[in-house]
Structure formats: C-alpha cells, structure tokens
Amino acid sequence: MKKKYSLKVPLQIKEEYISLYNSRNEYTFQLEENIKILKNVFVSTNGNVLHKFLIPLNSGENLIGKTDKNFYFQRWKKTLEQFLVCKYGSSLNLYSCDNINSYFTIHTPWFGYFSWVTTYLPRLLTAIDKIPDAILIYPEEWDKISYVRESLLLFKDLKTLKIPADHHIIIPKFALIPCRKWTSHFDQGMLEKMKSEMYDLLNIIPTTTPTKKIYISRKKAKRRKISNEIELEILLKKYDIVSICFEDLSFSEQVTLMSETKLIIASHGAGLTNINFLHAKSTVIELSPKLDDFNKFRFPFWRMAELLQLNYYSLFCNKTNDPLDEYEADIEVNLTELEKQIKNLSSILI
C-alpha cells in the first residue's frame with residue numbers, strides 16, 4: 001500500500017507558525033500488505049526482528065532515520081550481537097518456540113500508549129484478520145500495564161504466549177506483520193478501522209451528536225505539568241468543560257468517553273492518542289510547548305485529526321522549565337488566547 005496525503009494547516013493558526021505545518025503537510029504512507037512466513041527468526045526482548053542476519057525494513061517503524069542515517073545500523077548491530085551471544089554464548093536468556101505453530105509479535109523498540117494504539121493494536125487486528133490461528137508472543141511484563149492487559153482481553157479467541165522478562169526468542173515459523181514506516185505517518189483507512197473495531201469490541205453504538213466537552217488534566221502526571229492549571233480549570237468551568245484525568249479511567253472507559261465527546265482540550269502527549277476514537281467533526285485543541293528549536297516540532301496529533309476529519313486547533317504555550325527534551329517541559333497556558341479560541345468555537349459547540 002502506498003498513499004500520498006496532503007493536509008490542511010490547523011484552523012486559526014498564527015501566521016508565525018504556518019510554515020511549521022506547510023513544511024510537513026505532505027507525506028507518503030507506505031505499508032506492505034502481505035504477511036510473510038519467515039523461518040528461524042530471532043526477536044530481541046524489545047521487539048527487533050532479525051532474519052538471515054538482517055532486520056526486515058517492514059518489521060518496525062523509524063528503522064531508517066531521517067536525521068540519523070546510522071539508525072538502522074545501530075539497531076542492527078545491537079540485535080545481531082544479541083543473536084550471536086544467544087547462539088554461541090550463555091550470558092543472555094533465550095526462549096525457543098516449537099516448529100509446529102506459527103507465531104507473531106506486534107511490539108517494536110518504541111513503546112507507550114501512543115505506539116500501542118497507533119502501531120501495536122492495528123498490527124494485532126491485521127494478524128487476527130489474516131492469520132487467526134497464529135499465536136501472539138508478548139513480554140510477560142505487559143500484564144502489569146493496565147491498557148495492554150485490558151486491550152488483549154477484548155480478543156476472546158486470541159492465542160498468546162508470554163515470554164519471561166529479559167528473554168530473547170528464536171521462532172522457527174514467524175509471521176511478519178508489516179509495520180508502518182514512520183511513527184508520524186498515518187493512513188486514514190487504518191485509523192478509521194481502529195476506531196470501528198474498538199467500538200464493536202466495546203459494544204459502543206456510534207452517535208452523530210456527541211455532547212461532552214472535556215479537558216485532560218495533568219494533575220496526576222509526573223511531567224509536562226500545566227503551571228497555571230488551577231486558573232485554567234476555573235476558566236474552562238465557565239464553558240462547562242469538565243476536567244478529566246485519564247489515569248482514573250480504564251482503556252474501555254477512555255474509548256467510551258471519546259465516543260461521547262465533541263470537544264477535547266489537552267497538552268501534547270500520549271493522552272491525545274485517544275482522539276482516534278472521536279467522531280468526525282469533533283474538536284481538538286492541543287496545548288503545545290513553544291519550542292526554542294522548532295526543527296524538533298512534533299505533529300502527529302494534527303495529522304491524525306486531519307485524517308479523522310476533526311476540527312483541529314493548536315495553541316503554543318510558554319515553557320516554565322527547561323528540560324533536555326523540550327516536549328517534557330511544563331507550560332503556562334495563555335488563558336486569554338485560549339478563551340478567544342473557545343468563544344470562536346461557540347457556533348460548533350452548541
């Protein structure tokens with residue numbers, strides 16, 4: 001599959017930021033559609049796949065770095081070293097699968113809620129659809145992660161094999177589920193399918209008139225705090241926008257809440273991945289840090305919103321601290337600017 005996308009810049013964006021989006025509004029989404037059965041595959045603990053001494057390019061995202069041209073080499077070198085030590089040494093733990101069943105994995109070195117929703121679950125849905133008898137291999141520590149555990153339980157007929165922590169794997173019959181090439185590249189059909197499948201699994205009846213207006217609070221987060229969150233919530237209360245902590249909700253509750261939501265305001269972070277479950281024409285306001293180096297600007301939620309036909313707005317906020325990764329910074333929301341945006345939305349939020 002190869003598709004070209006051309007996206008619109010966010011609504012009501014300040015002129016000084018338009019170039020950020022114009023330089024990123026076109027991309028080509030690439031994904032191999034065929035599942036290949038490979039023999040004698042090595043899979044490292046973090047999901048790197050090695051076949052015939054090479055990492056297949058469709059086995060994980062970001063394998064060929066845009067800024068770091070040695071990225072593939074670094075991952076390949078590490079994975080090859082692990083394979084050789086497992087084969088000829090004894091200092092690493094190795095789990096060997098039987099040669100009767102077909103097995104597959106969905107994880108890559110990129111892990112978190114964003115990856116779970118945008119990469120792992122779509123790969124799982126593909127596997128269930130095309131190779132229903134194959135067995136999913138996953139690290140046993142996943143059982144400690146609530147959204148992972150709850151998601152997997154939704155698939156009643158899924159066969160699984162849990163691998164002990166810090167174990168690499170040798171798989172005689174490995175089904176390679178193709179992975180999208182970049183974490184920032186999305187396909188409209190895949191996003192829509194993900195939403196539809198989750199709605200079906202959770203028995204959510206789609207509505208054309210979602211009613212809830214929510215703000216995703218960072219109260220319980222350890223980083224990316226909103227320094228003036230108390231004042232922010234007072235403002236939002238004037239417009240009947242309710243403050244929610246995703247930490248208080250299960251995976252199914254988050255998906256259900258999104259299906260009922262017409263406005264979400266949230267700072268840049270994994271929680272915004274849940275816009276995948278909003279109805280078309282719902283509204284997103286993303287609160288992003290104003291970066292010192294806009295070459296590091298990240299834009300996945302804008303792309304997701306455009307493909308899902310959501311009304312997307314972005315508000316850049318001043319940082320109140322200076323971590324090494326600017327996206328880890330706490331921010332102060334310009335309440336005047338935010339209120340202006342909310343007032344401008346009044347016609348579509350009634």
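Readers should treat all values here as calculations from the given coordinates under stated rules, not as data from a laboratory. The structure displayed is predicted, hence computed values, not measured ones. Cβ placement follows ideal geometry from the backbone for every residue including glycine, while neighbour counts extend to all protein chains displayed.
Structure notes:
- Working note: Karplus 6.51/-1.76/1.60 with θ = phi - 60° gives the range 98-115 the couplings 6, 9, 9, 7, 8, 10, 8, 10, 10, 8, 9, x, 8, 10, x, 4, 4, 5 Hz, where Gly and Pro are set to x.
- Kyte-Doolittle mean at least -0.5, axial Cα span of 15 Å or more - DSSP H helices of the chain: 71-88
- Computed E for LEU249/LEU335 - FRET, C-beta separation, R0 22 angstrom, nearest 0.05: 0.25
- Charge dipole (the range 32-176, unit charges on Cβ, about Cα centre) - positive-most of HIS167, ASN40, LEU54: LEU54
- Two-site FRET efficiency, ASN344 against LYS8, from Cβ-Cβ distance with R₀ of 22 Å, rounded to 0.05: 0.80
- Top of LEU94, LEU308, LEU11 by mean-square fluctuation, Gaussian network on the chain, Cα under 10 Å: LEU11
- Mean Cα-pair separation over length for the chain, i.e. relative contact order, pairs under 8 Å, 6 or more apart, %: 18
- Nearest-0.05 FRET efficiency for LEU201 and GLU233, computed from C-beta distance (R0 45 Å): 0.85
- Check: the range 161-295 dipole with +1 on Lys, Arg Cβ and -1 on Asp, Glu Cβ, in debye: 120
- Annotation: extensible slack from LEU94 through ALA165 equals 24.5 nm (criterion: 0.36 nm per residue apart, minus Cα-Cα distance).
- Residues whose amide H lies under 5 Å from that of CYS245, counting only those 5 or more places away or on a different chain, are SER217; hydrogens are built 1.01 Å from N in the peptide plane.
- Panel order for TRP302, TRP142, TRP182, by other beta carbons found within 10 Å of each beta carbon, from fewest to most: TRP182, TRP142, TRP302.
- Backbone amide hydrogens, once placed in the peptide plane, bring LYS281 within less than 5 Å of LEU310, ASN311, excluding anything fewer than 5 places away on its chain.
- On full extension, the segment bounded by GLN74 and THR208 gains 43.5 nm, given 0.36 nm per residue less the C-alpha separation.
- Long-range HN-HN contacts of ILE135 with modeled amide H, under 5 Å: SER102, TYR103, PHE104
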